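See below for the structure under consideration.
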Amino acid sequence: MKFGKEFKKQKVPEWIDAYMDYSGLKQILREIMLHKLSRQPPTPLRAIKQKLKLHRTFSGLHAKSRDFVSQGDIEDQVIDVEALPRDGSGHFYRTNFLRQSEEGGEIEEMFFEKLDQELNKVNKFYKDKVEAVMSEAAELNKQMDALIALRIKVDTKNASPDNATAVPLRTSTRTLDLTIGVDTSNNYQEGELTGGPEVSEVTTANCSSDCKEEENKCGDHSLEILEHVKINNTLETPRSTLKGVFKDSKDDELRFRKEELRKVEGQLRVVFIEFYQKLRLLKNYSFMNLAAFSKIMKKYDKITSTRASRSYMKIVDNSYLGSSDDVTSLLEKVETTFINHFSNSNRKDGMKSLRPKEKKERHGVTFLSGFFSGCSIALLIAVILRIEARDLMDKKEGASYLVNIFPLYRQPKTSLLFAYAILHMLMYAADIYFWRCYRVNYPFILGFKQGTVLSYREVFLLSTGLAVLALSSFLANLHLDMGSRTEHYRKLTELVPLFSITVQAIRSIELYICYYGLGESSQRQSKCHTHGIYNAFYFIVAIVPFWLRFLQCLRRLCEEKDAVHGWNGLKYLLIIIAVLIRTAFELKKGTTWFVLALASSAVAVAMSTYWDIVMDWGLLRRKSKNTYLRDNLVISNKSVYFAAMVLNIVLRVAWMQLVIEFNLHSLQKMAITTIISCLEVFRRGIWNFFRLENEHLNNVGKYRAFKSVPLPFSYNDEETEKDD
């Protein structure tokens with residue numbers, strides 16, 4: 001693979017603007033090469049040789065450079081790089097091109113101006129990020145002090161009175177300093193980290209080498225730390241959010257219980273893993289940019305037949321980007337700390353957690369996807385032929401059968417069942433494919449763990465496998481129930497849809513309760529709504545997804561104090577009201593309910609459409625450089641965004657048509673409902689792509705490549721004043 005492609009592949013998507021502009025510099029080198037080729041050669045033979053030579057060198061092929069006359073003098077005469085002091089932030093670099101007076105010198109001077117700009121940008125970004133992780137390392141040191149003090153306290157509290165002076169601890173009470181300056185070179189050989197020192201069992205009376213002479217000092221020190229520490233109660237659920245709003249200040253106090261210790265250890269384990277991933281990305285950022293500077297300077301030397309790279313790379317190597325080893329040192333110390341404190345000194349298990357292996361694409365997934373796709377198409381054709389052969393669409397009994405049994409394989413109205421679930425999965429597979437094509441970092445946005453992300457091929461395999469299961473069940477039910485020779489299997493046929501209940505959506509449960517629990521499977525009269533229990537459950541299930549999102553918005557409003565989440569919660573509240581009124585209209589009918597359902601649905605659709613386009617997609621910005629879109633777009637064809645907006649509005653309005661009472665046959669009404677519902681699934685798939693695209697661009701603008709992980713401990717004001 002060429003370096004340009006590898007460089008692009010290795011970039012952190014959220015930091016893409018912070019990397020060296022390798023392609024831009026290559027473009028300037030092309031101009032330099034073309035200018036040299038355009039010079040009038042002394043003879044045709046020499047011109048041909050010169051063109052062939054420049055072409056080979058620029059294409060990356062090996063070619064010998066010309067012999068240099070007084071090479072040291074030539075090198076000194078090409079460039080002069082200055083390192084000038086920057087206010088409080090190191091140096092910035094400026095190159096003086098010494099051959100500007102020569103023909104084509106202005107292009108080469110532009111190349112070095114661009115090169116200096118990229119070096120200063122990369123150097124500053126890297127320095128700022130390293131300083132940020134150094135601050136985080138200092139905070140992690142304090143967290144580890146509190147954790148080890150808590151371990152001592154918990155082990156002491158749970159020790160028996162007869163053996164209170166000999167409580168074995170799982171780890172040393174001395175934390176490994178994560179700040180720069182502690183020598184850990186003895187633990188590493190040939191660039192690899194060894195298991196580190198074995199952790200010995202210590203007692204509360206003899207907890208570290210520093211406390212051997214005075215037995216009680218270590219325990220007193222740990223108690224002193226705990227006096228200034230409180231537990232951070234993270235709001236993980238709507239229930240915990242409500243508790244957090246009305247909580248008592250005593251809830252933050254440590255209770256020195258094992259459950260509390262396990263929770264804190266789990267939180268710190270996640271914090272260390274995320275911190276380690278951040279360090280790895282920073283190290284890769286430094287390595288790739290240094291390689292890019294080296295590659296581009298070698299290309300310059302080959303095209304211009306100079307040796308300017310030697311002096312320029314010396315400056316690059318002496319810059320903060322090339323000389324700082326803070327990240328490497330931190331990586332080693334985090335590994336040692338994690339292995340000793342969170343993996344019971346088992347290096348293999350610790351490194352497996354810190355560096356999970358990436359999933360590899362398997363050929364079997366592609367094969368099975370194609371196989372299940374073919375089976376699905378064949379089964380679908382078989383179902384259609386079976387229905388046509390029995391004339392089920394024309395017979396009253398057949399129509400009744402389809403109206404009653406078909407909803408068990410697809411979901412009516414707003415719910416998602418087999419057909420809708422399969423369509424959702426297909427749309428998700430398509431979203432993943434296009435997210436990868438446009439380098440949208442969807443695993444980070446969706447919070448997937450490394451090594452657990454499904455590829456679009458795997459999602460497609462799941463959808464086709466589910467399609468085979470659903471169509472096979474439906475075809476089996478159709479054959480056994482409608483065949484003259486299989487009438488005595490009629491009771492068995494009713495159980496066929498039940499075998500697939502594990503993959504149903506929430507809304508489908510109501511159908512199964514009615515069909516099997518209330519005896520409608522034997523009657524097949526579509527009288528589910530005559531049962532009061534079913535109707536109550538029908539209301540509850542209809543609003544469950546929107547109610548959960550409403551509570552989530554309230555939670556984020558309490559946590560972040562951002563009014564946007566309040567408005568988003570209002571949107572879901574309007575949807576809940578519209579769904580309740582529409583469900584009541586479906587059950588009770590009447591003009592009044594129809595008007596209320598239509599009005600509430602119109603308000604909810606208008607609010608949701610505005611939120612989709614303006615808030616979720618970030619479009620319709622008046623002052624944007626891309627008219628009525630936004631400044632940054634991942635798709636170069638702007639018409640795609642306008643088409644998506646129009647399509648979203650049309651499909652939102654089409655969804656409102658479900659409120660209108662169709663004066664059609666029950667089977668035809670069911671078909672129309674199914675089509676509109678499928679269009680809604682399609683709309684949601686489009687919404688998913690542009691929603692994550694907008695979130696990704698927001699992360700890129702803020703260089704946000706890591707998720708925020710809450711720390712388990714917080715030090716009170718007295719401890720802060722001591723530290724200051």
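The values are calculated or read from the model by the stated rules, or taken from the named source; none is laboratory data. This structure is a prediction, so every number in the text was calculated from the model and none was measured. Ideal geometry is used to build each Cβ from the backbone, glycine not excepted, and the neighbour counts take in all protein chains shown. Side chains are part of the model used for accessible areas, which takes the heavy atoms of the whole protein and leaves out ligands, DNA and RNA. Shrake-Rupley method; radii C 1.70, N 1.55, O 1.52, S 1.80 Å.
Only residues in segment 351-363 that are within 19 Å of Glu335 (Cα to Cα) count as the first member; pair them with residues that are open to solvent by 90 Å² or more (accessible area, probe 1.4 Å) and at pLDDT 80 or above, Cβ under 8 angstrom, at least 6 apart or cross-chain, and list the lot.
Pro356/Lys449
Any residue at all in segment 462-484 that is part of a helix (DSSP H, G or I), at pLDDT below 55 and open to solvent by 60 Å² or more (accessible area, probe 1.4 Å)? So that I can check it myself, show each step before the final result.
So in segment 462-484, the residues part of a helix (DSSP H, G or I) come out as 462-482, 484.
Filter once more, keeping what is at pLDDT below 55: 484.
Filter once more, keeping what is open to solvent by 60 Å² or more (accessible area, probe 1.4 Å): 484.
Yes: segment 462-484 contains one or more residues that are part of a helix (DSSP H, G or I), at pLDDT below 55 and open to solvent by 60 Å² or more (accessible area, probe 1.4 Å).
If I ask for residues that are closer than 24 Å to Asn232 by Cα and hydrophobic (A, V, I, L, M, F, W, C), which ones from segment 550-562 would you list? Steps first, answer last, please.
First, pick out the residues of segment 550-562 that are closer than 24 Å to Asn232 by Cα: 551-562.
Within segment 550-562, Leu551, Cys553, Leu554, Leu557, Cys558 qualify.
From Ile107, Ile74, Ile79, grab the single residue that is hydrophobic (A, V, I, L, M, F, W, C), at pLDDT below 75 and more than 41 Å from the chain's Cα centre (by Cα).
Working: Ile107 fails: at pLDDT below 75; Ile79 fails: at pLDDT below 75.
The unique qualifying residue is Ile74.
When you look at Val646, is it within 24 Å of Gly569 (Cα to Cα) and open to solvent by 70 Å² or more (accessible area, probe 1.4 Å), yes or no?
Values: within 24 Å of Gly569 (Cα to Cα): no; open to solvent by 70 Å² or more (accessible area, probe 1.4 Å): yes.
No: the conditions fail for Val646.
So, in segment 444-461, of the ones that are surrounded by fewer than 19 Cβ atoms within 10 Å (Cβ to Cβ) and farther than 19 Å from Met425 by Cα, which residue ends up modelled with the highest pLDDT?
In this case the residue turns out to be Lys449.
Where the second residue is of a type in the set (Phe, Trp, Tyr) and the first is farther than 25 Å from Leu633 by Cβ and lies in segment 675-695, which pairs have Cβ atoms under 6 Å and are six or more apart or on separate chains?
Final answer for the pair search is Glu680/Trp655; Val681/Tyr420.
Is one or more of the residues making up segment 595-604 within 21 Å of Ile686 (Cβ to Cβ), modelled with pLDDT of 90 or more, of a type outside the set (S, T, N, Q) and over 28 Å from the mean Cα position of the chain (by Cα)?
yes
Listed here are the residues, each with its yes/no results for (1) at pLDDT below 95; (2) touching a strand residue (DSSP E or B) at 6+ places or on another chain (Cβ under 8 Å); (3) outside any helix (DSSP H, G or I); (4) buried (at least 20 other Cβ atoms within 10 Å of the Cβ).
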| residue | (1), (2), (3), (4) |
| --- | --- |
| Glu260 | yes, yes, no, no |
| Lys263 | yes, no, no, no |
| Gly266 | yes, no, no, no |
| Val270 | yes, no, no, no |
| Thr306 | yes, no, yes, yes |
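Which of the residues that make up segment 310-354 are of a type in the set (Lys, Arg) and open to solvent by 10 Å² or more (accessible area, probe 1.4 Å)?
Initial filter on segment 310-354 (of a type in the set (Lys, Arg)): 310, 314, 333, 347-348, 352.
Residues satisfying the conditions are Arg310, Lys314, Arg347, Lys348, Lys352.
In segment 113-134, which residue that is farther than 21 Å from Asn284 by Cβ and without any contact (Cβ under 8 Å) to a residue 60 or more places away in the chain is surrounded by the most Cβ atoms within 10 Å (Cβ to Cβ)?
In the first step, residues of segment 113-134 are kept if they are farther than 21 Å from Asn284 by Cβ; the result is 113-117.
From what is left, the residues that are without any contact (Cβ under 8 Å) to a residue 60 or more places away in the chain are 113, 116-117.
Working: Glu113: 14, Asp116: 18, Gln117: 16.
Out of the qualifying residues, it is Asp116.
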